[in-house]
1. Give me a count of the residues in the range 49-85 that are more than 23 Å from VAL186 (Cα to Cα) and either modelled with pLDDT under 95 or not in a helix (DSSP H, G or I) (or both).
2. Which condition does LEU163 not pass, out of (1) crowded, with 19+ Cβ neighbours inside 10 Å; (2) out of contact with any Ser or Thr (no Cβ under 8 Å at 6 or more places or on another chain); (3) farther than 21 Å from LEU222 by Cα, if it passes all the others?
3. Name the single residue that is farthest from TYR31 (Cα to Cα) among those in the range 222-238 being open to solvent by less than 10 Å² (accessible area, probe 1.4 Å) and either out of contact with any helix residue (DSSP H, G or I) (no Cβ under 8 Å at 6 or more places or on another chain) or in contact (Cβ under 8 Å) with a residue 60 or more places away in the chain (or both).
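The values are calculated or read from the model by the stated rules, or taken from the named source; none is laboratory data. Here the structure is a predicted model, which means the values were calculated and not measured. Methodologically, a virtual Cβ is constructed for each residue, glycine included, from the backbone with ideal geometry; neighbour enumeration extends over all protein chains shown. Ligands, DNA and RNA are stripped out before the accessible areas are found, and what is left, the full protein with its side chains, is counted by its heavy atoms. Shrake-Rupley method; radii C 1.70, N 1.55, O 1.52, S 1.80 Å.
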Amino acid sequence: MSIFKKLSHGNTLYYPGCLTKFVAKDLAENYRIILRRINIDFIELPEVELCCGSPVLAAGYPDEFQKLAEKNLKIFKDHAVSRIITNCPACFKIFSVDYTKNLGNTWDIKAEYIIQTIARAIKDGELKVSKNLEKRVSTYHDSCHLGRMLGIYDQPREVLEQLGVDLKEMTRTKEYAFCCGGGGGVRANYPELANQVAKERVKLAKEIDAAMLITSCPLCYLHLKENSDEIEVKEMGELIK
């Protein structure tokens, strides 16, 4: 993008979210490569950006969440951010729903979930993907934030279809999907319960003889992976070649 367009339209920020940024760094690099392939000119603010506030809001601290939202708004405005692309469903929900509620008209930054970006790029011919995946029965896990909270079910599956994934649904899927057990502070405060729930989710994948369990949420990915011995757990960005 030219400097003139940046001045008039603002910057696109790639915001990986805390878990991806600090723990699952390989996932962030996968998405950087994909965004470059789509020819999206993006910036990152690793030294100054703050947590979106999702854990703070979920823990019941609305005043602290408000302060975080206001600080982030200032940081984004100071760097002329007009669009945020994130690969974290929780961050996407916060930016697209909660910041609008808490910041009102001052929040005029468009938030986009990266799978939406990828789905559109594939449809428009801006991203060519390989279908040379090993033909194994796979299944998709809907994260709570992306699914029940935001109603996004089809786009991840459309991308998987474009990738040539042999997709088979579990008995509990989409709006009836079973939680991975890691969100809502459960993993941090009740690890045994969180692991038990994850193993139950993996069990549902085993019941349909899936060889691969795929998700587009970094928390779901890490938590399910830790609790799966027999089924390979993949994050969607890992499949896009």
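1. Residues that pass the stated criteria total 8.
2. With (1) crowded, with 19+ Cβ neighbours inside 10 Å; (2) out of contact with any Ser or Thr (no Cβ under 8 Å at 6 or more places or on another chain); (3) farther than 21 Å from LEU222 by Cα applied to LEU163, the lone miss is (2).
3. For the range 222-238, the residue satisfying everything is LEU224.
Residue by residue, here is whether (1) in contact (Cβ under 8 Å) with a residue 60 or more places away in the chain; (2) more than 30 Å from ASP166 (Cβ to Cβ); (3) open to solvent by 40 Å² or more (accessible area, probe 1.4 Å) holds:
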position: HIS79; (1), (2), (3): yes, yes, yes
position: ARG83; (1), (2), (3): yes, yes, yes
position: TRP107; (1), (2), (3): no, yes, no
position: ARG120; (1), (2), (3): no, no, yes
position: VAL129; (1), (2), (3): yes, no, no
position: ARG136; (1), (2), (3): yes, no, yes
